[in-house]
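Below is one structure; the comments refer to it alone.
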Amino acid sequence: MLGIYQVAFSIFMVLTILVSSGLPLTVSKRTARYQVLNDKKSQYGIVSSSLVIGLSISVVICLVFVIFQNFIANLFTDARAMTILLTLLPAVVFSAVYSSFRGSLWGTKNYFFVSLAEFVEQVARIVFFVLLLECLLPNANGGVVAGLSMTFGCMVSMVFVAIVYFADKRKLTSPRGYYKEIWHSALPITGVRTATSLIQPLIAVLFPFMLVLSGHTSEQAMSLYGIVMGMAFPLLFLPSTIVGAMSFTLIPDLSVSIAKNDTLDVAQKIKSNLFFAMLVSVLFVPFYLGAGTEICEFLFGNSLAGVYLARSAFVMLPLGLSNITSSILNTFNLEVKSFVNNIVGGALLIVCVVCLSGIMSVDALILGFFLCMTVTTVLNLLMLKRHTHYKLNIFRPMLLMILFVIPSAMLCKFVCGIVTTYLGLFWGIAFGGIVSILAFLVLCWAFRLIDIISLFCKFLPKKFKKHA
């Protein structure tokens with residue numbers, strides 16, 4: 001069922017990207033610039049026009065999928081995926097409204113409330129899921145309950161950001177005169193991200209299909225897909241939540257610096273964010289390599305997911321760098337050009353799945369994902385260097401960090417094994433993770449890649465910073 005839900009969810013993500021990728025990014029950049037000019041009327045007009053466009057697109061999408069649901073259901077390996085998708089459709093409309101208000105809060109640097117809205121959404125999803133499954137619909141299809149919970153969470157976050165928007169004495173004005181501005185800026189971004197996101201549902205169909213051709217049953221193929229996409233890969237995206245938060249704050253800040261033509265500040269922000277994204281992404285690698293099996297055994301009761309987690313741990317490095325470089329390129333309005341980079345990477349992923357799944361099984365998907373992210377990142381970095389003419393200087397620290405992973409992972413595995421034997425699985429994972437992260441940071445400090453004292457001082461209260 002987890003595999004079936006992942007198939008439906010991959011389609012839902014494409015639909016959501018149509019209404020929540022280009023619009024909030026455009027609204028945030030325009031809001032940041034109009035705020036510098038103190039033009040509140042344009043700030044409100046941008047939000048209003050984005051709401052109209054987003055709602056129109058989302059309603060049309062939902063009608064198309066409802067009307068042609070029988071035809072679309074035939075495209076899935078399992079027809080139950082269509083039922084789950086129908087429960088997710090209202091969330092597309094809620095996401096359209098949410099993204100417009102979110103873009104405004106994003107552009108005015110209200111990061112706390114935007115982050116709080118996403119946190120509230122996750123809490124609402126979990127609570128609603130538990131209530132439905134345990135109390136209201138105990139015999140219901142788990143995938144359908146998950147879909148309903150997703151929709152409920154999106155509705156809650158939409159209401160939350162709307163309340164914050166109007167509570168801050170903002171308002172909606174006539175959208176006339178702003179449609180063209182929003183459409184011309186958002187359309188390329190939406191087109192690029194939608195085309196890129198189509199790779200995910202394509203893989204959701206191709207990978208189980210190729211496994212079936214190689215001798216697996218349909219149930220086995222869907223189960224393997226569910227394990228790798230629903231258990232192992234989500235853990236790979238944990239560092240990306242931190243990198244995503246950096247991208248979230250970087251775009252409006254970088255937009256303002258570009259608007260002011262402050263090239264020194266632009267260069268500083270690009271270099272520091274690239275380095276920090278790389279550090280955060282690699283930081284988790286030794287932990288997953290050394291304790292991947294124990295982590296998934298503790299979380300899911302599935303050691304096979306842990307094997308896949310350990311094998312795919314190094315994917316986090318290009319994944320984090322791809323995330324941050326894409327955001328930087330978007331800020332420079334290079335979305336259309338970076339689209340080619342994503343297509344090249346996605347093509348490699350598809351080739352690996354089609355040609356190697358019969359030989360390597362799940363490892364073909366892991367290899368394809370690694371090649372996809374690596375090639376995309378390299379092309380993004382080359383494009384960024386060519387456009388800005390800045391020396392990024394990340395190869396040496398990247399090579400050193402990769403080397404530091406080896407002893408840190410070995411130490412993690414040793415500590416995890418010893419502590420697990422005497423104190424249990426949870427404490428083995430906890431101590432193994434702490435030791436691996438500390439060992440990695442100490443090595444980075446010893447080779448002067450990071451200044452631990454400066455990092456520590458950033459988290460001190462203001463009155464202690466000067467003395468520190």
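The values are calculated or read from the model by the stated rules, or taken from the named source; none is laboratory data. Because the structure is a prediction, the values reported are computed rather than measured. We place every Cβ from the backbone using ideal geometry, glycine too, and count neighbours over all the protein chains shown. Accessible surface is based on the protein model in full, side chains and every heavy atom, while ligands, DNA and RNA are left aside. Shrake-Rupley method; radii C 1.70, N 1.55, O 1.52, S 1.80 Å.
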| query | closer than 30 Å to Met222 by Cβ, open to solvent by less than 30 Å² (accessible area, probe 1.4 Å) and either among the hydrophobic types (A, V, I, L, M, F, W, C) or touching a residue at least 40 places away in the same chain (Cβ under 8 Å) (or both): does that describe Gly3? | reply | yes
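Matching residues to (1) touching a Leu at 6+ places or on another chain (Cβ under 7 Å); (2) modelled with pLDDT of 85 or more; (3) assigned to a helix (DSSP H, G or I); (4) not hydroxyl-bearing (Ser, Thr, Tyr):
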site	(1), (2), (3), (4)
Gly306	no, yes, yes, yes
Phe314	no, yes, yes, yes
Leu317	no, yes, yes, yes
Leu329	yes, no, yes, yes
Phe339	no, no, yes, yes
Leu348	yes, yes, yes, yes
Val354	yes, yes, yes, yes
Ile359	no, yes, yes, yes
Asp363	no, yes, yes, yes
| Which one of these does Leu289 not meet: (1) over 28 Å from Gly432 (Cα atoms); (2) open to solvent by 10 Å² or more (accessible area, probe 1.4 Å)? | (1)
| Under the condition of being under 23 Å from Thr217 (Cα atoms) and either open to solvent by 30 Å² or more (accessible area, probe 1.4 Å) or acidic (Asp, Glu) (or both), which residue from the range 77-88 is modelled with the lowest pLDDT? | Thr77
| query | Hey, among the residues in the range 306-334 that are over 17 Å from the mean Cα position of the chain (by Cα) and under 19 Å from Pro24 (Cα atoms), which one's most open to solvent (accessible area, probe 1.4 Å)? | reply | Asn333
| query | Taking into account only those residues within the range 250-270 that are surrounded by fewer than 15 Cβ atoms within 10 Å (Cβ to Cβ) and not charged (D, E, K, R), which is modelled with the lowest pLDDT? | reply | Ala259
| task | Have a look at Val280, Val307, Val266 and point out the one that is in contact with a helix residue (DSSP H, G or I) (Cβ under 9 Å, 6 or more places away or on another chain) and touching a residue at least 60 places away in the same chain (Cβ under 8 Å). | result | Val266
| said: Being over 20 Å from Gly3 (Cα atoms) and either free of Cβ contacts under 8 Å to residues at least 40 places away in the same chain or outside any helix (DSSP H, G or I) (or both) narrows it down to one residue among Val164, Val120, Val156; which is it? | reply: Val156
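Here's the yes/no breakdown for (1) under 22 Å from Ser322 (Cα atoms); (2) under 16 Å from the mean Cα position of the chain (by Cα); (3) open to solvent by 60 Å² or more (accessible area, probe 1.4 Å); (4) of a type in the set (A, V, I, L, M, F, W, C):
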| position | (1), (2), (3), (4) |
| --- | --- |
| Lys169 | no, no, yes, no |
| Ser174 | no, no, yes, no |
| Phe209 | no, no, yes, yes |
| Met222 | no, no, no, yes |
| Met229 | yes, yes, no, yes |
| Before we move on, is Leu202 open to solvent by 20 Å² or more (accessible area, probe 1.4 Å) and within 23 Å of Val19 (Cβ to Cβ)? | yes
| Subset of the range 176-187 [in a helix (DSSP H, G or I) and open to solvent by 30 Å² or more (accessible area, probe 1.4 Å)] | Tyr179, Lys180, Glu181, Trp183, His184, Leu187
| request: Taking Phe101 as the residue in question, decide whether it is aromatic (Phe, Trp, Tyr), out of contact with any Cys (no Cβ under 9 Å at 6 or more places or on another chain) and open to solvent by less than 60 Å² (accessible area, probe 1.4 Å). | output: yes
